[in-house]
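This report refers to the structure that appears directly beneath it.
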Amino acid sequence: MRKIFAGKSTNKAFLGMFALMSATSVVLHSCNFKNEVNDTASSQEHPTAETAPKMDNESVDPDKRVIYLTFDDGPNQGTENLLKILDKRNVCATAFLVGRHAYGSTKQKKDFKLLKENPLIELANHSFTHAHNKYSDFYKTADAVVRDFDIAKDSLKLHDKIARTPGRNIWRLNNINVTDIKSSTAAADGLKRAGYKVIGWDLEWRPSHKMTLKGSHEAMLKKVDSIFLNDLEKTSRHLVFLTHDQYLRDTDSINELDLFIEKLQKSNKFVFRKISQYPKINEVLN
Ligand SMILES: [Zn+2]
């Protein structure tokens with residue numbers, strides 16, 4: 001197992017990244033994976049004889065950090081606004097869907113279709129029932145939790161078994177084993193045994209009491225900076241960002257998320273990927 005990085009990043013250059021933002025007009029390709037694959041394939045002497053390069057840390061420019069934008073609980077109020085922002089910024093993201101939301105109102109059905117058809121979006125599993133928002137009860141019965149995710153997988157016709165647990169920041173991904181609330185451990189282990197890769201998050205943009213995005217994009221950019229500077233991400237140089245579709249109903253929140261993504265792009269320090277491109281554990285330093 002080759003480890004790509006010799007150590008956690010302590011790149012001090014990141015301290016000044018936001019000061020440099022206004023000085024650069026470079027906008028990154030938003031879903032760099034595809035671009036990298038195409039570039040590599042076209043430069044090969046016998047491209048047809050080669051398989052596409054495996055997605056791993058080797059394809060990350062050492063000066064760059066990878067951000068996985070993830071949005072939970074869709075389709076929901078705010079989903080359409082989210083898609084407009086992602087389209088405008090041409091940035092990829094992952095939607096952790098709630099199965100029953102996809103079959104709720106006519107609007108939710110329509111938004112589910114928009115999510116499915118948008119090539120910037122990857123769909124992932126956030127359970128069928130969302131625990132009916134009664135998390136402690138839900139996680140008491142591991143088998144029922146696995147069943148709930150299986151139902152969502154089937155009903156949403158998801159290909160991968162990438163899951164995020166409702167109301168819990170849980171990781172079960174190769175050697176990354178994190179459970180924020182210990183009474184959920186058996187359920188989380190059950191999901192892992194059932195073949196699910198459970199992905200939590202490194203940074204959440206939380207809501208205000210009005211269920212809008214709390215605080216400014218500048219504050220969130222500082223948090224991104226701080227996580228990388230202090231090596232708080234689960235996998236070195238890879239940050240999973242979370243917020244929720246339903247916080248994107250008002251103009252201010254829409255603008256703030258748009259500015260957040262725009263400034264990340266213009267900093268020229270980050271690439272964006274879908275969650276299925278998150279590194280495997282042999283690329284993780286512990
Ligand atoms: Zn949720």
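Is the range 64-136 best put as rounded, prolate or oblate by its Cα gyration tensor, with a ≥ b ≥ c the root eigenvalues, rounded for a/c under 1.5, and otherwise prolate when a/b is larger than b/c, oblate when not?
Working: a/c = 2.39, a/b = 1.36, b/c = 1.76.
The shape class here is oblate.
Can you tell me the alpha carbon radius of gyration of the range 147-205 divided by the globular rule-of-thumb value 2.2 N^0.38 Å? Display every interim value, and only then the final one.
Numbers: Rg = 11.3 Å, N = 59, 2.2 N^0.38 = 10.4 Å.
Cα-based Rg divided by the globular estimate yields 1.09.
Run the accessible area of the range 155-286 with a 1.4 Å probe and give the carbon-and-sulfur part as a rounded percent.
Numbers: 2600 of 5350 Å².
With neighbouring chains kept in place, the figure for the range 155-286 is 49 percent.
Using alpha-carbon pairs under 8 Å, 6+ residues apart, how would you state the relative contact order of the range 65-277 in percent?
Numbers: 401 pairs, mean separation 64.0, N = 213.
Answer for the range 65-277 is 30 percent.
If I model a spin label at Lys134 and Asn255 as a point 7 Å from the Cα along the Cα→Cβ vector, what separation in nanometres do I get?
Here the answer is 4.2 nm between the modelled labels.
Hey, got the dipole for the range 65-277? About the Cα centre, +1 on K and R Cβ, -1 on D and E Cβ, debye to the nearest 20?
Dipole magnitude for the range 65-277 comes out near 280 debye.
Could you give the length gained on full extension between Lys64 and Leu229, defined as 0.36 nm per residue of separation minus the Cα-Cα distance, in nm? Intermediate values should be presented prior to the final figure.
Numbers: separation 165, 0.36 × 165 = 59.40 nm, distance 1.30 nm.
So the chain would gain 58.1 nm between Lys64 and Leu229.
If amide hydrogens are placed 1.01 Å from N in the peptide plane, which non-local residues have theirs closer than 5 Å to the one on Tyr278?
So Tyr278 has HN proximity to no qualifying residue.
Just to compare against my own numbers: the Cα pair-distance distribution for the range 50-180, 10 Å bins, whole % per bin, please.
Each 10 Å bin holds this share of Cα pairs: 11, 38, 33, 16, 2, 0.
Taking a cut-off of 21 Å between Cα atoms, list the lysines near Lys157, but don't count ones fewer than 8 places away on the same chain.
Lys107, Lys109, Lys110, Lys113, Lys116, Lys192, Lys197, Lys274
From the Cα trace of the range 65-277, what convex hull volume per residue do you get, rounded to a whole Å³? Walk me through the numbers before you get to the answer.
Numbers: hull volume 24.7 nm³, N = 213.
Spread over its residues, the Cα hull of the range 65-277 gives 116 Å³ apiece.
So how far, in whole Å, is the C-alpha centre of the range 241-278 from the one of the range 71-101?
Rounded to whole Å, the Cα centres lie 11 Å apart.
The values are calculated or read from the model by the stated rules, or taken from the named source; none is laboratory data. Predicted model only: the values in this text are computed from it and were never measured. Reconstructed Cβ throughout: ideal geometry from the backbone, glycine too, with neighbour counts over all protein chains shown. Ligands, DNA and RNA are stripped out before the accessible areas are found, and what is left, the full protein with its side chains, is counted by its heavy atoms. Shrake-Rupley method; radii C 1.70, N 1.55, O 1.52, S 1.80 Å.
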